[in-house]
Amino acid sequence: MGGAGLQFAFRVFHHQECHATTACKLEENDLDIDVMVSLGRFGAAAAVGLAAVGSSLGVGAAGPAAVGAWKKCYAQDKAAPFVLFAFIGAPMSQTIYGMILMGWINTAIDASLAAQQAINWGGMLGAGIFGGLGMGVSAWYQGVIGAAASDAMAETGKGFGNYLMTLGIIETLAILVLVFIPPAFRLAGGA
């Protein structure tokens, strides 16, 4: 490893050691503050971006199924159930959770800057990427469940509560990600 690589490794090691104490201040040998801020904000953007990708995939799965279910109803001269919109829109809530996580990460960055503390950019980057992925996959599969629920609801006209509970189970996974990922990027000092 060259001199620049060793210097970077030292800076990263020093940055990690810094978070083991509550009295961590930015020093001259820390990773450049602009780089830390950029990496942390990249994590914030990843949180909402990846959650939105999952929401889009989920709506993309549930939407065509609902349209097909309505078509079947029209073909059979049955009333088309309006409640299928609930199945189509359910995956969009994970994008809101991604926005909340993005806000928390940005707030932690701003708090670190105000306190002149090193920024836990690695935790923020990881929380954003993995939090966004967890929420996004939850949204995607919520759409897949919504697709099946749309078909069943249109055909039978029964079971709406059961279908919503099934959507709620996978929604819970996104909520658990939102609740339990913030410790990954919060500083030991409580920022």
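The values are calculated or read from the model by the stated rules, or taken from the named source; none is laboratory data. From a predicted model like this one, the values you see are computed outputs, not experimental measurements. We place every Cβ from the backbone using ideal geometry, glycine too, and count neighbours over all the protein chains shown.
Tabulated data for the structure shown
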{"read-out": "Residues (surrounded by fewer than 18 Cβ atoms within 10 Å (Cβ to Cβ) and either not in a helix (DSSP H, G or I) or not hydroxyl-bearing (Ser, Thr, Tyr) (or both)) located in segment 51-69", "value": "GLY60, PRO64, VAL67, GLY68"}
{"read-out": "Any chance GLY157 is within 24 Å of ALA47 (Cα to Cα) and among the small types (Gly, Ala, Ser)", "value": "no"}
{"read-out": "Candidates ILE33, ILE88, ILE96 - the one that is at pLDDT 85 or above and within 19 Å of ARG186 (Cβ to Cβ)", "value": "ILE33"}
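Residue-by-condition table, conditions (1) among the small types (Gly, Ala, Ser); (2) touching a residue at least 40 places away in the same chain (Cβ under 8 Å); (3) over 23 Å from LYS71 (Cα atoms):
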| site | (1), (2), (3) |
| --- | --- |
| PHE130 | no, yes, yes |
| GLY143 | yes, yes, no |
| ALA154 | yes, yes, no |
| LYS158 | no, no, no |
| GLY161 | yes, no, no |
